[in-house]
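The values are calculated or read from the model by the stated rules, or taken from the named source; none is laboratory data. Quantities reported herein were computed from a predicted structural model and do not represent experimental measurements. We place every Cβ from the backbone using ideal geometry, glycine too, and count neighbours over all the protein chains shown. We work out accessible area using only protein heavy atoms, side chains counted, and drop any ligands, DNA or RNA first. Shrake-Rupley method; radii C 1.70, N 1.55, O 1.52, S 1.80 Å.
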Amino acid sequence: MQELPEGEDLNRVIGQIEAATISVNRDIREFPILYYLGGFAISHNSREALDDARGGIARRVRSLVTIPNSFPIKLNHLRLEAERVSQAYDYSGHLKSHLPHTEIVTDELVKGIGIAGTPEEVVPKFQSLIDQVHGLNFTFFLRPDGKGKKRTFELFVNEVLPRLIFNNTL
């Protein structure tokens, strides 16, 4: 399965945690890890999901641009665009979609950094991330973005979660 840019960031985070645990002679599997997935929205209408995710993506892009060595290499072609979004981010509308600073977040940034789309479009992305954390004490923090938060949760529970394969053996 193709590694997604979100997966690249996940690998970076896991690598940092693993290096820290090794430096104190501990095993990474001993520690619970919480990973925030910004830019999360699901709808039967892809456009609606992409629009809902823009606020979370704007915030996520700000972090990826300002934290050294965290911008996904596979998205370097979007780096200048991401820097414009980061500079325009307005904390008074923190994580809100449908605000002026989200208007410059393109579909390509949303698709590259977030998990937004129809249930059929997001299942492979979630499955890829789940496969990457196999064997770890790992939790994904899912905070839906935009006006369709309830819709996103309902679709996740009813149409995405049943399709995901969890292998909980260590």
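Residues in the chain average 53 Å² of solvent-accessible surface per residue, probe 1.4 Å, ligands and nucleic acids excluded.
Convex hull of alpha carbon positions in the chain: directionally averaged projected area 10.1 nm².
Once neighbouring chains are kept in place and the probe is 1.4 Å, which whole percent of the accessible area of the chain is contributed by carbon and sulfur? Exposed carbon and sulfur together represent 55 percent of the surface.
Please name which of 118, 130, 42 has its Cα lying farthest along the dipole of the chain towards the positive end, using unit charges on Cβ (Lys, Arg +1; Asp, Glu -1) and the Cα centre as origin. Ranked along the dipole, the leading option is 42.
Based on Cα contacts under 8 Å between residues 6+ apart, region 21-107 shows a relative contact order of 30 percent. Measuring with a 1.4 angstrom probe and ignoring ligands and nucleic acids, residue 83 comes out at about 60 Å² accessible. Springs between Cα atoms under 10 Å define the GNM used for the chain, and in it the highest mean-square fluctuation of 87, 16, 132 occurs at 16. With R₀ fixed at 25 Å, the C-beta to C-beta distance from residue 19 to residue 165 puts the FRET efficiency at about 0.30. For a paramagnetic label modelled on residue 147 (point 7 Å from Cα along Cα→Cβ), amide N atoms under 12 Å away belong, within region 48-83, to 48-49, 51-52. Each residue of region 149-158 was assigned a 3J(HN,Hα) from its phi angle through the Karplus curve 6.51 cos²θ - 1.76 cosθ + 1.60 (θ = phi - 60°); the sequence is 4, 5, 4, 4, 4, 5, 5, 4, 5, 8 Hz, with glycine and proline shown as x. Residues with amide H under 5 Å of residue 143's amide H, sequence separation 5 or more or different chain, H placed in the peptide plane at 1.01 Å from N; which? Amide H to amide H, under 5 Å and 5 or more residues apart or across chains, residue 143 pairs with 37. In loop segments of region 65-170 as defined by DSSP, the chymotrypsin sites (Phe, Trp or Tyr not before Pro) with at most 11 further C-beta atoms inside 10 Å of their C-beta are 166. Look at the alpha carbon pairs under 8 Å that are at least 6 residues apart: their mean separation over the length of the chain gives a relative contact order of 36 percent. Where only DSSP H runs of four or more residues are counted, the chain gives -14500 deg cm²/dmol as its mean residue ellipticity at 222 nm, each run worth -39500 (n - 2.57).
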